[in-house]
Structure formats: C-alpha cells, structure tokens
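All remarks here apply to the structure that follows.
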Amino acid sequence: MNDKELKTLIRRGMRRDPGNPFFTRKVMNRLPEPSAHTAARWVFRAAWLACGAILAALWVNFITGFTASPHPLLSLILLWSATLFVLYTSLRRAI
Amino acid sequence: MRQKILEISLLSQCALADNRQAFGRLVEMYSPQVRRFLLNLTKGDAVLTDDLSQETFIKAYIAIRSFKGLSHFSTWLYKIAYNEYLAWLRHRSDEPLDPGYDAPDPGPDDDDSRTADVMEAVDALAEPTRSIIILFYCEDRPIKEIAQILGLNINTVKVYLKRGRDRLQQKFSK
C-alpha cells in the first residue's frame, strides 16, 4: 500500500464532527470579563507617574522651605495624606 | 488571501480593543478544524471534545495578545488544543498515558472493513505518533507546522511519521 492509498483510507475512516450549533455561544458565555482598555490603562499609568513626580517635587520644596499653604503644619498634613494615599493605592494595585 | 486579511483584521480587533464579536467570528471560523482534530484525538468522545474545544478557545482569548503572528493562527490554536488534550491525559487516572501499539487485526479484505479498522489502528498507535498521523493525514498539516504544534524537532516528527506510516502500511498491506 502506498502513501496515497493510506491517506485515502485514513481520510475515509476519520471521525466527522457532527457540529454543535450552540458551540460559539457557549464559548462566548464562558469568556472572562474584558480587561480595561489598553490605551486607557496607559493613560492611567502616565497620570499616576505624573502625580508621583509632582508629589516628590512638593516634598523637596517643602523640605527646602517652600510651603503651599501659609500654615506649614497644614502643608505637612496635606503632603503626608497625599503620600499615604498614593502608597496605599499603589500597594493595593501591586498585591 | 481575503480570508487571511479578514483573520488579521479580526485578530487585531481582539488584541487591541478586546472586541468579543470579532473573537466570536474567529471561533466560528476555526471551531470546525479544532473540534475535528480533538474528536480524532479523543477517539470520538463528543462530550470531551466539546469541553476541550471550549477550553482551547477560552485560553486563546486570554492569551491572544501573546500571539505574535510567527505561525498561522490555526497552528497556534492546534497547539493550544493539543496541550489541552495532553493536560487532560495527564489528569486522567484510569488509563496510562502511552497505550502502546496493540491494534486488532483487520478483518476481511474489503474496503468498508478496512476503512472501519484504519481508525482503530491509528488509535492504537502510541503518542506522539498518533497525533502526528492525525495532523498529517486528517488535518493535512505540513511537517513544519506539526513540529510547531507538538513542540518537537522537524526530524523527530519525520521519524515518528515514518514509524507510524510503516506500521499502518504493514497492517493494511497484509
């Protein structure tokens, strides 16, 4: 028996899928929830980095004498609150 | 060519914009091939084929951004399907992974009985020879693609293919 005959024999004997009309719907129903849009994710990351950089600059300015508010204690509380908030949300996202 | 352009368009819609409708069209386009391949791998178990096919497409959807386009999309799907089948084989406890070659003798030498016996003989081949025979003869895949699907060297695929072909030819030449 040559290869062509063997191929014909196998192809004649192979199992045929009867098909399932609901297959695509079943797959679509089991797909995981769509993740955030890629572009939106990058915008969010860029905004996050910009916020971090502004916060770091404010800290440097505060330490070297500049205060955003006329009351230095209020500025310190504001900076600490913003820093803790950014650290907390970053950690939550990381974990 | 038109099909290829449609495939690229649907793939980019899935990868860039998470377009589920585009993925649904890809499922419709490729499910007959994947299901037929799995049906032959699972020796005709329709329920198992349905489960493994669903898992294949769900994994493809999750990993669609990792598809680099270095192979055909269908080759990538066959690879996922084959890995799903292997995972199922490993988790199955009642039968060994490698059944070995123990095909029954063919009956009377007429065309119908030979046709019926041929898949029994293919089913009795050891892995990965059986998968290679199915991909080569039933799915018409070239050797290079079979090597990609099974994660084997091209020469290894050729050796297994020759071994399987020789056994089947011996069996049906009697």
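In table form, for the structure just shown:
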read-out: Given (1) under 22 Å from B:ILE62 (Cα atoms); (2) at pLDDT below 80; (3) not β-branched (Val, Ile, Thr), number of the condition A:LYS26 does not satisfy; value: (2)
read-out: Scan of the range B:146-174 for residues that are outside any helix (DSSP H, G or I) and among the hydroxyl-bearing types (Ser, Thr, Tyr), ordered by number; value: none
read-out: Hey, A:VAL43 over 26 Å from B:VAL34 (Cα atoms) and either of a type in the set (Val, Ile, Thr) or modelled with pLDDT of 80 or more (or both) or not; value: yes
read-out: Residue satisfying all of: in the range B:41-52; of a type outside the set (Asp, Glu) and more than 7 Å from every other protein chain (Cβ to nearest Cβ); surrounded by the fewest Cβ atoms within 10 Å (Cβ to Cβ) among these; value: B:VAL47
read-out: Which listed residue, of B:ALA17, B:ALA63, is more than 17 Å from the chain's Cα centre (by Cα), at pLDDT below 95 and either closer than 23 Å to B:ILE132 by Cβ or more than 10 Å from every other protein chain (Cβ to nearest Cβ) (or both); value: B:ALA63
read-out: Count of the range B:26-36 residues which are within 9 Å of chain A (Cβ to nearest Cβ) and of a type outside the set (Ser, Thr, Tyr); value: 5
read-out: Among (1) surrounded by fewer than 11 Cβ atoms within 10 Å (Cβ to Cβ); (2) over 30 Å from B:ALA60 (Cα atoms); (3) modelled with pLDDT of 85 or more; (4) not small (Gly, Ala, Ser) - the single one A:PRO32 does not satisfy; value: (2)
read-out: Tally, over the range B:12-40, of residues that are in contact with a Gly (Cβ under 8 Å, 6 or more places away or on another chain) and buried (at least 16 other Cβ atoms within 10 Å of the Cβ); value: 1
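This table checks each residue for (1) within 23 Å of B:ARG90 (Cβ to Cβ); (2) within 11 Å of chain A (Cβ to nearest Cβ); (3) modelled with pLDDT of 85 or more.
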position	(1), (2), (3)
B:MET1	no, no, no
B:LYS4	no, no, no
B:GLU55	yes, yes, yes
B:ILE58	yes, yes, yes
B:GLY69	no, no, no
B:HIS72	no, no, yes
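Conditions (1) in contact with a Pro (Cβ under 9 Å, 6 or more places away or on another chain); (2) outside the structural domain of B:HIS72 (by TED's automatic domain parsing); (3) over 21 Å from B:THR56 (Cβ atoms), marked per residue:
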| site | (1), (2), (3) |
| --- | --- |
| B:LEU125 | yes, yes, yes |
| B:ILE133 | no, yes, no |
| B:CYS138 | no, yes, no |
| B:ILE154 | no, yes, yes |
| B:TYR160 | yes, yes, yes |
| B:ASP166 | no, yes, yes |
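The values are calculated or read from the model by the stated rules, or taken from the named source; none is laboratory data. Predicted model only: the values in this text are computed from it and were never measured. Virtual Cβ from ideal backbone geometry, glycine too; neighbours counted across all protein chains shown.
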